[in-house]
Structure formats: structure tokens, C-alpha cells
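Coordinate-derived values only; no laboratory data. If you're wondering where the values come from, they're calculated on a predicted model, not measured in any experiment. Here the Cβ positions follow ideal geometry from the backbone for every residue, glycine too, while neighbour counts run over all protein chains shown.
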């Protein structure tokens, strides 16, 4: 048993890890894609340079999302955190597209 009381060989532990892997992959990709789109539209650079900078930053954003998912206390908290960030980025992207 671990310090949290969840046996590390049980089915619930394996399901929790699998859920975090799926959330890290899909949620991290979603957050990175939204942030890339928002940055490429808002950076005060030539469009091609803004897209390049935003794409390079998306790799660090994806890594940060993955680390956050595995550092969160629970899968639900990680999902809420990524969902909140995704909603904020989506709202910002919607506002930027509305003014463009």
C-alpha cells in the first residue's frame, strides 16, 4: 500500500493512472492547441513569426499540462483545472476572433 491508502497493484489504481494518461494526452493537446491559436493571433509580430513562436511555445505548454495532470491530487481536480484553462483560452480566442 502507498501513503494514500490505494494499493498500487489494484484495478482502481491502474484505472486512475490510465485516466491521467488519457487526460494528459487529450487535455494537454487541447490546451496547447488553444493557446497556440490565441498566441498566433495576438502576438505583435509578422503572422509567420507569430505562428512559429506560438508553435514553439505549445511544446512547453503541453509539458506543463502533463506535469499538472500527474501532480494534481485527484483526476477530477486535474480535469477541472485543464477544463478551466481551456474555457479561458477558448473565451479569449472567441473574443479575438470577434474583433479581428
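Listed peptides 58-66, 41-49 appear in the order 58-66, 41-49 once ranked by packing, highest mean of other Cβ atoms within 10 Å at the front.
Can you tell me the length gained on complete extension of the stretch residue 55 to residue 97, counting 0.36 nm per residue apart and subtracting the Cα distance?
On the way: separation 42, 0.36 × 42 = 15.12 nm, distance 1.86 nm.
Length gained, residue 55 through residue 97: 13.3 nm.
Between the Cα long axis of helix 75-99 and the first principal axis of the chain there is an angle of about 10°, rounded to the nearest 10. Relative to the longest principal axis of the Cα atoms of the chain, the long axis of helix 11-42 makes an angle of roughly 10 degrees.
Suppose the chain between residue 16 and residue 88 were pulled fully straight at 0.36 nm per residue; how much longer would it get relative to their current alpha carbon spacing? Could you put the intermediate results ahead of the total?
On the way: separation 72, 0.36 × 72 = 25.92 nm, distance 2.62 nm.
Gain in length upon complete extension: 23.3 nm.
The distance between label points at residue 47 and residue 70 comes to 3.9 nm (points 7 Å beyond Cα on the Cα→Cβ vector).
Round to the nearest 10 and give me the degree value, 0 to 90, for the angle of helix 47-71's Cα axis relative to the longest principal axis of the chain. Relative to the chain, helix 47-71 is tipped by roughly 20 degrees. Relative to its residue count, region 11-99 spans a Cα convex hull of 76 Å³ per residue.
When only alpha carbons are used to place a centre, region 23-50 and region 65-100 end up 12 Å from one another.
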